[in-house]
Amino acid sequence: MPFDRPDLESAGKEVDTIPVHINSDIIRLFSEGLYRSPHKAIEELVSNGYDAGANRVHILLPDEPDDDPNNLLPLWVIDDGEGMDEEGFRRLWRVADSEKANARPPYPKERPPIGQFGIGKLAAYVLARKLTHLSYANGELLLTTMDFGRATGRQSKTADPPKVSLRKITEQDAKNHLSEIKIRDPEAWAFMFSQHGREPSWTAVGLSDFKELYRKLSIGRLKWVLSTGLPLHTDFRVSVNRDSIESSKVHLEVIKEISISENSLGVGKIRGSARIYKKQLSGKSDSISRSNGFFVRVRGRVINLDDELFGIRQPNHAAWSRFALEVDADGLRDHLLSSREGVRDSEDIEKFREYLLEKFNECRAEYDRQVRSKTGEMDLDALLSGKPSAYVTEPLLRSVRSVLKAGSESFYIAVPEDVDAEKQLDWLHEYENAVSEKPFENTGFARRGPYTPALQYDPKTRKIIVNSDHPFVDKLTSGDKYRNPAKLFAWSEVLLEGNLQEQGVDQATIDAFLRDRDRVLRERAGDAPSTASEVLRRLDAARNNPDALERAVGLAFRELGFEYERRGEKGEPDGVIDAKLGLHSQGRADYRVVYDTKQTNQPQVPADKIDIASMEVFRRKNGAQFGCFVGVGYSSENDRDGKLNKKMETDSGQHITLFKLAHLERLIRIHLTQGVTLTKLRSLFENARTVPQVNDWLDKYNGELERQGQVPLGKLLRGLEAEKEDSKARPSLVAVRAKQKELQQFEPPRLLARLKAVEHIVGTRWIEVDDNYEVNVHQTAEEILGELERSMRELEPSLPAKIDWTER
């Protein structure tokens, strides 16, 4: 039902103006960077209500958007927490200067706050251009309206910043402006304005003038996000369009429940219950308040919100994350600390703690019994070939739930494709039924590239794809001869990720652990490192080991795009590298280089250790155009008239180059940040012989690249992403270049080299680039740039806090 609403922005009487030292770039950074989901943005506003000590938060969404979203009613988030007076509104608009970060008890309604940085209010910016706060406190109604479009230019304490008008309005004015709420949510209206049911304070946050992202808001998805984020054991209720949202944990299956009723512990009468659940209680909602552990209440108030153990030693974690004990113990009032956030130690308190621990152990015993039963089910399953046990299915279910909620893949688990946001619960139910019959429908093999993880599980098809290019898999299968060991490995890896989640390990730690594990598996298989940072690390580690140096140098050349073949036998060079460039206007442009590493016990390689004649033999024997020595340093390397440099510049050394490890490391860094072409590197081998000449070549080439400027990688990847819309053709780098004038200043080989560097850094799981300028983009441009930034920080710790990919 439409309402003829007067403009809130000019309602009432202005009592002050509040400067907002903020600009559009800061707003965009904090809001769009942190809150890319419309549902997460609203969740942040709900969290603000929690921080204000609210018992109730009511969310009122406008009707479904029509062709003009500006005609919509406001989106309201209304809470009955502590309201704001004039000073409260001034604190509200101290952006990035929150008192919550250093807050100490007592908190509003005895709760520790969630927010820390004073930027949560900016979450609204992803949804709307106008943000209104109307708050009732101390018998007064105050409001501000922020128009984010007015925050332009650079932030400055001395410049004239935008201001919000702080206005005082009457209750009748407020009722006129908010009259829609009386019909849409009578309960919210009652605690705001009812003569008998009104709260002593409340706040209503309104969003209007909606942006495009609002169209992606789904009421079903919003309810899902809120239900999974709400704690179980708090007096905090949320509703969306009058539908109450319960914690998703409320309906979890209870393994064991113990009724508590005692009167002989020295702390008076206690009443309550202890439960242990089949699934974990800890998780996403912990950011608001915990759902597991001991909840000790004195006169209805939990006195140990910050101490889930209540002073008891840490119990077993697998059971602890599933356990909750609630007990009313008013007799503890005489034992409370002055802060009322804990108790004084005494014999009676120790006896009480022992009783609580006893109840936990009783619940844990039942949990352990079920775990043993599950293990037995596994054995029976193996004997009878029946259904898989919960010991197998539960870790898998937990992993898939986590991926679905996050909306992004984990190390091994893909995001289920085409699952409608409002039907996720139904899909999960169907998936759980299917997994209980058969967790893995099929296990297949595909070539996903040597840098991609060993496998991926697709929950939609319940199929595991094993990456046959992964060196460890290749070792297991012996070139596809024996595949069963690789299948068993893949099954166990998927379950390993799920079991780590079952034990309460957060996903970021799991991913880091699995990345390290993947690195070890590659090393045991004798393969090259999977990231550029590891290539550089190995080069550094191999400086004093001649055998390791041979291979590290070859891997470094491979990072630059060469094909690498290890040699090292008597009468052979240490390695051969090939530049496969295909046909050129004057014939084939391919070239080959043989190399020999030089490492001695001396700080520098003496001139008599450089055998140019032998290198020439190696070069001709292997059909190579060039040869090079690679060492940490050479005797008198910078003396252009020295013995070694004179020797290198003779006719016998016309195809040979002296390389240092530092040269190779520098080339790799230039390549990873700029894109080095193999065609350009040919001129290095053709024209540089001595260390000074290589230094000069690198300086000149790096200067050329800097003058030309960074490839605008963001625009290039977004262009390739747009090309994916043509289902009949693979994205073409050449086509994207032809459409974007800014890319045309770069030759196609330079753009190709830049993308290949990206592929080397993030792996073929994200992007695949072939020599025909066709590119498979497996993730969105923003996701690839995010992974690239994470990986680049390993190479360049001094990178700025936010990388502008249009400039790199």
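Taken together, the values in this text are just the output of simple stated rules run on the coordinates, not laboratory data. These numbers were taken from a predicted model, which means no experiment stands behind them. Reconstructed Cβ throughout: ideal geometry from the backbone, glycine too, with neighbour counts over all protein chains shown.
Please check which bits of the stretch 348-362 a label hung off Ile258 would reach, taking the label as a point 7 Å along Cα-to-C-beta and the cut-off as backbone N under 17 Å.
Under 17 Å, as judged by backbone N against the label point of Ile258, lie 350-362 of the stretch 348-362.
Would you tally the net charge around Glu14, using a Cβ to Cβ cut-off of less than 10 Å, leaving Glu14 out, and scoring K and R as +1, D and E as -1?
Net charge in that neighbourhood comes out at +2.
Each residue of the stretch 403-410 in turn: what ³J(HN,Hα) in whole Hz from Karplus with 6.51, -1.76, 1.60 and θ = phi - 60°, glycine and Pro shown as x?
Working through the residues one at a time gives 5, 5, 5, 6, x, 9, 5, 8 Hz.
Please work out how much length the chain gains when fully extended from Leu337 to Lys724, using 0.36 nm per residue of separation minus the C-alpha to C-alpha distance, in nm with one decimal.
Difference between extended and current length: 133.0 nm.
Once you put a point 7 Å from the Cα of Asn622 and another 7 Å from the Cα of Glu704, both along the Cβ direction, what distance in nm separates them?
Between Asn622 and Glu704, the label points sit 2.6 nm apart.
Run the simple label-point estimate for Asn772 and Lys182 please: 7 Å along Cα→C-beta, distance reported in nm.
7.1 nm
Using +1 at the C-beta of Lys and Arg and -1 at the C-beta of Asp and Glu, which of Leu539, Gly575, Leu560 has the Cα lying farthest in the positive direction of the dipole of the stretch 535-581?
Looking along the dipole axis, the top candidate is Leu539.
Run the numbers for Ala365 and Asp330: contour at 0.36 nm per residue of separation, minus the present Cα-Cα distance, in nm.
Computed gain between Ala365 and Asp330 is 9.7 nm.
Using R₀ = 51 Å, calculate the FRET efficiency as 1/(1 + (r/R₀)^6) where r is the Cβ-Cβ separation of Lys168 and Arg790; round to 0.05.
The computed FRET efficiency comes out at 0.55.
What's the FRET efficiency of Lys211 with Asp420 using the Cβ-Cβ distance as r and R₀ = 25 Å, to the nearest 0.05?
The computed FRET efficiency comes out at 0.65.
Between Lys175 and His251, what's the calculated FRET efficiency when r is the beta-carbon distance and R0 is 35 Å? Round to 0.05.
E(calc), rounded to 0.05, equals 0.35.
Express in nm, to one decimal, how much length is gained between Arg524 and Glu350 on full extension, taking 0.36 nm for each residue of separation and deducting their alpha carbon distance.
Gain on stretching Arg524 to Glu350: 57.5 nm.
Step through the residues of the stretch 40-49 one at a time and calculate ³J(HN,Hα) from phi using the Karplus curve (6.51 cos²θ - 1.76 cosθ + 1.60, θ = phi - 60°), rounding each to whole Hz and writing x for Gly and Pro.
5, 5, 5, 4, 5, 5, 5, 4, 4, x
Name the residues of the stretch 770-791 whose amide N is less than 14 Å from a point 7 angstrom out from the Cα of Ala735 along the C-beta direction?
Those under the cut-off are 773-777.
With θ taken as phi - 60° and the coefficients 6.51, -1.76 and 1.60, list the Karplus ³J(HN,Hα) couplings across the stretch 487-496 in order, rounded to whole Hz; mark glycine and proline as x.
5, 4, 4, 5, 4, 5, 5, 4, 5, 4
Note down the nm distance, to one decimal, between modelled labels 7 Å out along Cα→Cβ at Glu649 and at Glu782.
Output for this residue pair reads 5.7 nm.
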